[in-house]
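Before any comments, here is the structure.
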Amino acid sequence: MPTTRKTNRGPSAGPANRAALIAAAREIFASEGLNAPLNAVARRAGVGQGSLYRHFPERIDLAVAVFDENLDALETASAAVDAGLDELLDRVIERTLVSTAFIDMVSGNQHDARVAHLGERMQAIVAAVVDRERAAGRIGDHVATEDVLLAITMLAEVLARTDAADRDAVGRRAWSIFHAAFAPRGE
């Protein structure tokens, strides 16, 4: 019985393979965590492992590519003039496992040049939202960008360890605590 073999499109397939690998990794990392088997990523992307390692020699390279794209989307959403902390925290809650994997990777590899820019980008996103919220009078002058980053980290950690059915309620409850802590204080 003859087997059908995929036609090798050579270098022209590179950009499409890269995009497919990033999309597959996003799905796999979201469902199985950052330590999911990379052969599952290659299989989901419909490419061979050689293609995976040609584009992403190490797991961290693939994770950085996924998180860079996630931050692109977060930057776009956060740039809207009406985007505030509620929207930012909603995105963290929606993407709990990805958010936790992101935080774990950044904190565990802070001095790796491939990863450092991710933390800097996240800090810039949060700083812009904090400035906007402060100017609108929705958070107090006592709230620093680092406070919100810490709240996001705490929230992602708690949600990652919460049963999926309860995550939304727990996230809303935690966010109400942060709201109270971040609210403007009377003089």
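Numbers below:
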quantity	calculated
Residue ID - surrounded by the fewest Cβ atoms within 10 Å (Cβ to Cβ), chosen from residues in segment 130-152 that are over 24 Å from the mean Cα position of the chain (by Cα) and among the charged types (D, E, K, R)	Asp141
Within segment 170-182, considering residues that are open to solvent by 70 Å² or more (accessible area, probe 1.4 Å) and among the aliphatic types (A, V, I, L, M), the one nearest to Phe29 (Cα to Cα)	Ile177
Residue match in segment 74-87 (condition: under 19 Å from Ala23 (Cα atoms) and crowded, with 19+ Cβ neighbours inside 10 Å)	yes
Failed condition for Asp166, given (1) under 30 Å from Gly33 (Cβ atoms); (2) assigned to a loop (DSSP other than H, G, I, E, B)	(2)
Residue list for segment 31-53, filter: crowded, with 16+ Cβ neighbours inside 10 Å and either closer than 23 Å to Arg161 by Cα or among the hydrophobic types (A, V, I, L, M, F, W, C) (or both)	Leu34, Ala36, Leu38, Val41, Ala42, Ala45, Val47, Leu52
Checking Arg185 against (1) touching a residue at least 40 places away in the same chain (Cβ under 8 Å); (2) surrounded by fewer than 15 Cβ atoms within 10 Å (Cβ to Cβ); (3) closer than 22 Å to Asn35 by Cα, the condition it does not meet	(3)
Selection within segment 54-64 - part of a helix (DSSP H, G or I) and out of contact with any Leu (no Cβ under 8 Å at 6 or more places or on another chain)	Arg54, Ile60, Asp61
Any chance Thr100 is open to solvent by less than 40 Å² (accessible area, probe 1.4 Å), assigned to a helix (DSSP H, G or I), closer than 30 Å to His55 by Cβ and of a type in the set (Ser, Thr, Tyr)	yes
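The values are calculated or read from the model by the stated rules, or taken from the named source; none is laboratory data. Predicted model only: the values in this text are computed from it and were never measured. No Cβ is skipped: glycine too gets one built from the backbone with ideal geometry, and neighbour counts run over all protein chains shown. Note: accessible area is taken over every heavy atom of the protein model, side chains too, but ligands, DNA and RNA are not part of it. Shrake-Rupley method; radii C 1.70, N 1.55, O 1.52, S 1.80 Å.
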